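The values are calculated or read from the model by the stated rules, or taken from the named source; none is laboratory data. What you see is a predicted model, and the numbers here were worked out from it, not measured in a lab. Note: ideal-geometry Cβ built from the backbone for every residue, glycine included; neighbour counts use all protein chains shown. Just so you know, the surface numbers come from the protein's heavy atoms only, side chains and all, with ligands and any DNA or RNA stripped out. Shrake-Rupley method; radii C 1.70, N 1.55, O 1.52, S 1.80 Å.
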Amino acid sequence: MENILTYIFLFPLLIAFVMLFIPAGRWKIFRRLSFAAVAIQLILSIAMALDFSKNMNADSWEGMFQFVEQVSWISMDLGSVGAIQIQYFLGVDGISMPLVVLSSFVLLIGIISSWNIQEKAKGYFILYLILSSSIIGCFISLDFFLFYLCFEFMLLPMFFLIGIWGGKRRSYASIKFFLYTLLGSLFILVVMIGLYLSVVDGEVNTFSLIKMLDGNYAEGSILDPASPQLIFGYSARVLAFIFLIIGFGIKLPAVPVHTWLPDAHVEAPTPISVVLAGLLLKVGAYGLLRIAYGIFPDVSIDYAGFVAVIGVLSILYGGMNALAQRDLKRMVAYSSVSHMGFVLVGLASLTAIGFSGSLFHMVSHGLISPALFLIAGVIYDRTGNRQMENFSGLASKMPVYTFFMAVFFFAGLGLPGLSGFVGELMVLMGAFGSSHFSFWIGILSTLGIAISAAYFLWTIQRMFYGKYFVRESAWEGSMLDLTAREKLMLIPLAAVVIVLGIYPRLMLDYSNETIEFFIQQISRFNP
């Protein structure tokens, strides 16, 4: 399937360019074109997945990637300084392929959620399609410069989508989001430059992630594992790893650099919260897995306990904050902080099952969290309010809504048979089986599941059971059950959550070989 990744990557950008020439008042055309662009993106992603080989039997990272596209993009001779070689370099393996399919799926759900957007619709849908291409680009880029370009391009559309179409405090939330993520990007930029100056393709410095993963370092370079240079008394490789933990940890987000997330979620319109929770957080996790752990496996062993502690802090702190919330959307936002902590614990375990659990949890959370924000959006669309104490007994008035709420709440708290259980179980098995940190990490992570059960079950009890009650009499007429459009968004999400919970091999079979190879690469540095 020649050039399929280019089509998946650039087709939304092409449609966004076409939209520039359509009069601003034709808002129905904008949403239809956007739907078509992302639907085609999803169809191509599924076609790619069906053609993906699960058995590569490769002995290097270069042999693990499929659907590879590689052409020279930017080539500049800087004389005595050297030359800059940047490539348009795309490919997917068992780690990135599930995330590409997830992204296309969630982006389509976001378009359906955006169906009622009429104010400044032209700008909204153009920015949405730019965001769509940027997210996909992060998962398929095999050139660090191209990855970084896509990573940065996510910031601008999201900044404007929150800042223009968000809630009352949208300016504060969008600026805070931009500043935090820009700061994280600067840490990543420093590491990218250091790697470019250290890694070679032949005799030429390169941004190729494959060469970085395979460890093609110039002898004596700043990040050469054989003789890493010292910066302020610390190994340059250690500093690079810590910089990546900070940079991608902000996007994840991990405690204590998480404070931008609740504000961004609360003020963002529902479709943008769907994309933010479902996909942008996964870009941070993917960056940690692919770049931090892939390029610095030696340092990841030494700092496994450090990363695990950050993960546990995120699980417990995010969960306790979710338990204290009265705003339904803010509760879901803090639950995301807690659940993404499991990704860190799984990575820190440095075990095959822990890595697989982290990846599976990324996909699972990428389905459950968007659904939870849609659930919160249903109430807000009808009443303009999300305070939990203002509602009670909603099950009697909105039974279909209550059913979907129950599916996704129980998936979030890890009920067996739903996808949330599989990812958390694998992460915990990795944590308890890891030799790189204390078993207390596993015990404290398990406590996080109990906390998530507390805030989800408490929300169900407060809002959906008991005597029917709404705070304002004006809301009575609007408390209607789900519309056809809302069902169209929630049914596919629920179906995939259930299918992956019952048959997780549907995803794991794609990633197992890549994860096993990944762990083999790390094990070479075990003492």
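Ordering K176, K251 by accessible surface, largest first, gives K176, K251; the 1.4 Å probe counts only protein heavy atoms, with every chain in place. Annotation for the range 418-504: trypsin sites (Lys or Arg not before Pro) lying in DSSP loop with at most 15 further Cβ atoms inside 10 Å of their Cβ are K467, R471.
Under the criterion of Cα pairs below 8 Å and six or more residues apart, the relative contact order for the range 167-258 equals 28 percent. Alpha-carbon geometry of the range 199-321: the Rg and the Dmax are 17.1, 53 Å, given in that order. The Cα center of the range 351-399 and the Cα center of the range 402-475 differ in position by 11 Å. Across all directions, the shadow cast by the convex hull of the chain built on its C-alpha atoms averages 24.1 square nanometres. Any idea what angle helix 440-464 forms with the longest principal axis of the chain, computed on alpha-carbon atoms, 0 to 90 degrees, nearest 10? It is inclined by approximately 20 degrees. How fast does the range 108-155 diffuse by Stokes-Einstein, in µm²/s, taking the Kirkwood radius from C-alpha pairs at 25 °C and 0.890 mPa s? Value of D from the Cα-based Kirkwood radius: 211 µm²/s. The mean of 1/r over all pairs of different alpha-carbon atoms in the range 429-527, once inverted, gives a Kirkwood hydrodynamic radius of 18.9 Å. Over all distinct Cα-Cα pairs of the range 227-278, the Kirkwood formula returns a hydrodynamic radius of 13.0 Å. Using a probe of 1.4 Å, the accessible surface attributed to E516 totals some 100 Å² when neighbouring protein chains are kept in position.
Here the sum of -39500 (n - 2.57) over DSSP H runs of 4 or more residues, divided by the residues of the chain, equals -22000 deg cm²/dmol at 222 nm, to the nearest 500.
Sorted largest first by accessible area at a 1.4 angstrom probe radius, with every protein chain in place, the residues V199, V496 fall in the order V496, V199.
For the range 165-232, chymotrypsin sites (Phe, Trp or Tyr not before Pro) meeting the loop criterion (DSSP other than H, G, I, E, B) and having at most 14 other Cβ atoms within 10 Å: F232. Normalised by 2.2 N^0.38 Å, where N is the number of residues, the C-alpha radius of gyration of the range 259-354 stands at 1.16. Give me the Debye-computed log₁₀ of I(q)/I(0) at q = 0.10, 0.22 Å⁻¹ for the range 38-125, equal point scatterers on Cα only, no solvent, two decimals. Evaluating at q = 0.10, 0.22 Å⁻¹ gives log10 I(q)/I(0) of -0.46, -1.05.
For a straight C-alpha distance cut-off of 24 angstrom, the lysines reachable from K397 (same-chain residues fewer than eight places away being disregarded) are K329, K467, K487. Two numbers describe the Cα atoms of the range 165-247: Rg and Dmax, which are 16.9, 55 Å. Set the Förster distance to 30 Å, then compute FRET efficiency between L506 and W115 from the Cβ-Cβ distance, nearest 0.05. Rounded to the nearest 0.05, the efficiency is 0.55. Taking Cα atoms only, the orientation of helix 27-50 departs from the longest principal axis of the chain by about 50 degrees. The trypsin sites (Lys or Arg not before Pro) of the range 302-407 meeting both criteria, a DSSP state outside H, G, I, E and B (loop) and at most 15 other C-beta atoms within 10 angstrom of the site's C-beta, are R326. Quick note on the range 416-461: its Rg to Rh ratio, both from C-alpha atoms and Rh being the Kirkwood radius, is 1.07.
Remark: C-alpha extents of the range 392-436 on the principal axes read 52, 19, 9 Å, sorted largest to smallest.
Site pair L50 and V204 shows an inter-label distance of 3.8 nm when each label is modelled 7 Å from Cα along Cα→Cβ. Only Cα pairs under 8 Å and 6+ residues apart enter the sum, and on that basis the relative contact order of the chain stands at 14 percent. Beyond 22 Å, what percent of the Cα pairs of the range 328-412 remain? Pairs farther apart than 22 Å: 35 percent.
Using only alpha carbons, the range 358-475 has a radius of gyration to Kirkwood radius ratio (Rg to Rh) of 1.08. Against the chain, whose longest principal axis comes from its Cα atoms, helix 419-433 is set at around 40 degrees.
Restricted to Cα atoms, the range 1-153 shows a radius of gyration and a Dmax of 17.4, 57 angstrom.
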